[in-house]
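Encoded as structure tokens, the structure appears first; notes follow it.
The values are calculated or read from the model by the stated rules, or taken from the named source; none is laboratory data. All of these numbers come straight from a predicted model, not from anything done at the bench. Cβ placement follows ideal geometry from the backbone for every residue including glycine, while neighbour counts extend to all protein chains displayed. We work out accessible area using only protein heavy atoms, side chains counted, and drop any ligands, DNA or RNA first. Shrake-Rupley method; radii C 1.70, N 1.55, O 1.52, S 1.80 Å.
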Amino acid sequence: MTTTTLTAPQRYLALWRALPRELGFHALTLPIAITGFVVTITLVSTGAGTIVTFFIGLFVFIGALYAARGFGAVELVRLEWAGRPAIERPAWTQASGGFWGWLRSLFGNGHYWLYLLHTMIINFIVSTITWSIVVTWVSTALGGVTFWFWSIVLPRADTQWHLSNWFLDLLNIGEPPLGYTAIDVIFYSIMGVVFLATLPFITRGLVMLHEVIARVTLGAFASDALRRQVGDLTASRGAAISAEGHSLRRLERDIHDGPQQRLVRLQMDLAAAERQLDSDPNKARGLINEAMAQSKDALEELRALSRGFAPPILLDRGLVAALQSAADRSPVPVKVIDELGGRSVPQEIERNAYFVASEALANVDKHAGATESTVRVWVDDELALSVAVYDNGRGGAVATPGHGLAGLEERLLGLGGTLTVESPDGGPTTILAHLPLSAST
């Protein structure tokens, strides 16, 4: 990807294009800062004055914290409106544990206190200074470049003070031939042009000052992201354990209800055939034939159960070949679209992608009433392996707890991935899985 480097004139024009928004930001800065200061200082002082009643003062002080949070949120929105990059917001999560748990989490959250400090003190002081600078700069720029016009209507007096008179006296120069008034027009015009030319730099710099202060006092802590990551990892670990337990219980149930029962029947048939072998060979032969049928059915059921695990073809020839093999075994015609482009995928990710596709194809066979299905696999821009299974069935598929799709969701959550199910009544159905490639590291 190529990047375009702007020339100095282009950067300057870009500053001018952003000037209206930045002036709008500064125009509202002082009114908002004064309002925030008045609201929070009133609530804090009232809360402190009524603290002897405890509950009244406590709730008034809580109101100050929430008011500061609101003003802080407004400041972040205003900075984005002024064209500055978005600042990550704190996670305003409240702890459980009833009223006292909520109270502890409220007063123990450092963000509330920083927002209060920003609204009640920092922003009020900084906004007063920046607003005054901008107003002075704008008025000087506009007044200077238009001085030639409105100086015509200024009253003339013998005692009138002239900037040029003061300046020329410093240089020990007498009255110029054009007179002090004409020189004043030149001085003020030059000053106005200089202030006007530098106005975009002033507004941009002062907006960036507000941005820096907001990032420090209103933005999320680095520890917030770490805490969320730990929480996500904990949830993923719990989901992985739950998915694994669910899979094991289902496998145990399927083995007990299927192959195990057939093997018990097989053992009984062989025992009966052994007893009849000498006395009634024909009956024994019939029992042996039934036992062979039972062994064949048990083998087929074991093969069906093994589809949830890594088949040899997956280990030997990769994901696409394994998906094509699963498609060939499916009673519903399945088309496999390979968009990996020969890209290598970690084996653990391939195994889980195969399991997702196999489970989805099994659902198509059992529940969808579809006449055709498609499996598409690719690596998206977010470096995640994506597997999509489409069918033209009746739709209505939902991730019911304890059933197949819910189990897939838990499995993918344990890997840091996601499962999306789109299945309106009447179809078609799309099951889309994203598995981050980093999940294998």
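Quick notes
- Of the Cα atoms belonging to the stretch 1-82, the radius of gyration and Dmax stand at 20.5, 66 Å.
- Accessible area per residue, Å², the stretch 10-157 with all protein chains present, probe 1.4 Å: 53 Å²
- Note, ³J(HN,Hα) from phi for the stretch 105-111, Karplus 6.51, -1.76, 1.60, rounded to Hz, x at Gly and Pro: 5, 5, 6, x, 8, x, 5
- Hydrodynamic radius of the stretch 96-142 by the Kirkwood approach over all distinct alpha-carbon pairs: 13.3 Å.
- Summarising the label geometry, the points placed 7 Å from Cα in the beta-carbon direction at Arg285 and Val216 lie 9.8 nm from one another.
- Alpha carbon centroid spacing (whole Å) that separates the stretch 264-288 from the stretch 43-72: 88 Å
- Cut-off 15 Å between beta-carbons: net charge of the residues surrounding Ser423, Lys and Arg +1, Asp and Glu -1: -3
- Subtracting the Cα-Cα distance of Thr35 and Ser330 from 0.36 nm times their residue separation leaves 99.4 nm of extension gain.
- Considering only alpha-carbon pairs that sit under 8 angstrom and 6 or more positions apart, the relative contact order computed for the stretch 22-79 is 33 percent.
- The stretch 11-27 versus the stretch 349-364: alpha-carbon centroid distance in Å: 54 Å
- Accessible surface of the stretch 1-120, 1.4 Å probe: 72 percent of it comes from carbon and sulfur atoms.
- Global form of the stretch 80-122, assessed from the alpha-carbon gyration tensor, a/c cut-off 1.5: oblate
- DSSP-loop trypsin sites (Lys or Arg not before Pro) across the stretch 341-383, with at most 11 other Cβ within 10 angstrom: Arg343
- Simple label model, 7 Å out from Cα along Cβ direction - Tyr66 to Glu80, nm: 2.3 nm
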